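See structure below.
A short reminder: the numbers here are calculations on the coordinates, not readings from a lab. Because the structure is a prediction, the values reported are computed rather than measured. Glycine also receives a Cβ, built like all others from the backbone with ideal geometry; neighbour counts cover every protein chain displayed.
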C-alpha cells in the first residue's frame with residue numbers, strides 16, 4: 001500500500017476536527033469511532049471522496065449511491081454510525097433490524113445508504129487465517145469492548161445484510177485495547193492483533209460492534225473484505241484519495257557466510273518510528289538463479305524470483321527503535337550478490 005501524503009492528511013485532520021466538534025455539540029458525550037483497518041464502508045467512502053479543497057466527492061459507485069440515498073452528511077461523520085437506544089450497550093440481534101446492520105439503524109444521522117447491496121463497495125484484501133493488526137478510530141475515547149463478526153459462507157451479497165447471514169459469535173473481541181494519538185483525529189485509533197477466520201475465500205463482510213461500558217451507546221460498521229491472499233491492500237477508492245496509513249520499517253541485508261555453491265544471509269528488520277510496529281513483510285529478488293535451501297525466524301514464500309519473508313508469531317511486534325533478524329541459506333553456482341533493493345512494509 002502507498003503512504004498517505006502528510007500534507008493532505010494534516011489538512012484533512014484540521015477540517016475533520018472542526019466538523020467533529022460541531023457533531024459532538026449536536027450529540028453530547030458520543031463515543032464516535034469506526035474501523036480503519038479493515039476500513040468500514042463509511043471510512044473508505046470518506047477516503048474515496050477526499051479533495052484538495054476539503055469537499056468530499058465520492059468516486060466509487062457504491063459510495064455515490066449511498067450518498068444519493070442519504071445525502072452528504074455521512075461523509076463528514078463517517079465515525080458516527082451509532083445508536084444509543086438500547087437498554088444495554090452492544091445490543092445486536094433483535095435490536096438492529098435485518099437489512100439495517102451496516103447503518104446500525106442509527107438515530108444520529110441517516111446512514112441507510114450504507115445498507116444498500118452493491119458489488120462495488122471499497123474492499124480490503126486479506127488472507128484467511130492470518131494475524132493482522134486491527135485499527136478502530138477513536139474520534140472520542142470511552143471505555144468499552146469491540147467485537148468483530150463475519151458473514152457465513154454462502155451469504156448473499158445481492159441483498160442487504162441480515163443476522164442469519166452472520167456467524168453468531170465474534171472471531172475477535174477486545175476490551176479496552178491500547179491506543180495511539182489524541183481523540184478527534186483520523187490518526188488516533190485503538191489497535192490489537194486479531195487472527196482472521198480460517199478457510200474463508202472470496203467476498204465477505206466483517207461487522208464491528210463497539211460497545212461502551214459507561215453508556216448504552218454502541219457503534220456499528222461493515223467492512224467489505226476479499227479473502228484472496230492479500231495483505232491489507234485497499235481497492236475501489238478514487239485515484240486521488242489516499243489509502244490508509246501504514247507503519248514503515250527498514251530491512252538491511254548482509255551475507256554472513258559463503259561456500260562453493262551457496263551462502264548464508266541475514267536480514268535485520270528495524271522499526272525506526274516512535275510507535276509500536278505490529279507485523280512486517282520483507283521482499284527481495286533472488287539473483288542469478290539462486291534458490292533458498294532453508295530459512296528461519298519467519299515465514300518464507302517464493303514466487304518465481306521474488307522472495308517474501310513475513311514475521312513469525314513470536315517476532316510480530318517491534319517496539320520503537322527495536323529490531324529483529326531472520327536468515328536463510330541458498331544454493332547458487334556463482335558468487336553471492338546482495339539485492340539492489342530490499343523492501344519492508346507493515347502491517
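Would you mind estimating how fast region 250-345 diffuses translationally, via Stokes-Einstein at 25 °C and 0.890 mPa s with the Kirkwood radius over Cα pairs, in µm²/s?
Translational diffusion coefficient: 180 µm²/s.
Note the angle between two axes, namely the Cα long axis of helix 61-70 and the longest principal axis of the Cα atoms of the chain, as a number of degrees from 0 to 90, rounded to the nearest 10.
Value to nearest ten degrees: 20.
So the label point goes 7 Å from the Cα of residue 317 along Cα→C-beta, right? Which residues of region 263-307 then have their backbone N under 15 Å from it?
In region 263-307, the label zone of residue 317 (backbone N under 15 Å from the point 7 Å along Cα→Cβ) covers 275-280.
Which residues does a label at residue 169 reach in region 133-157, if reach means a backbone N under 14 Å from a point 7 Å past the Cα toward the Cβ?
148-150
If you average the sequence gap of Cα pairs under 8 Å that are 6 or more apart and divide by the length of the chain, what percent do you get for the contact order?
19
What is the order of 222, 45, fewest Cβ neighbours within 10 Å to most?
222, 45
Determine the calculated [θ] at 222 nm for the chain from helices alone, applying -39500 (n - 2.57) to every DSSP H run no shorter than 4 residues and normalising by the residue count; nearest 500 deg cm²/dmol.
It comes out at -4000 deg cm²/dmol, rounded to the nearest 500.
With a point put 7 Å past each Cα toward its Cβ, work out how far residue 95 is from residue 301 in nm, to one decimal.
A separation of 3.8 nm, rounded to one decimal place.
For the chain, place one equal point scatterer on every Cα, skip the solvent, and apply the Debye formula. What is log10 of I(q)/I(0) at q = 0.12, 0.13, 0.15 Å⁻¹?
Result of the Debye calculation: -0.86, -0.98, -1.23.
If the label point is 7 Å along Cα→Cβ of residue 235, which residues in region 99-143 have backbone nitrogen under 15 Å from it?
119-127
I need 84, 41 ordered by Cβ neighbour count within 10 Å, fewest first.
84, 41
Report, in degrees rounded to the nearest 10, the 0 to 90 angle that the Cα long axis of helix 6-26 makes with the longest principal axis of the chain.
30
Among 100, 299, which comes first, second and so on when ranked by fewest other beta-carbon atoms within 10 Å?
299, 100
Of all beta bridges DSSP finds with both residues in the chain, what is the antiparallel percent, to the nearest 5? Intermediate values should be presented prior to the final figure.
Details: 78 of 82 bridges.
Among the beta bridges of the chain, antiparallel pairing accounts for roughly 95 percent.
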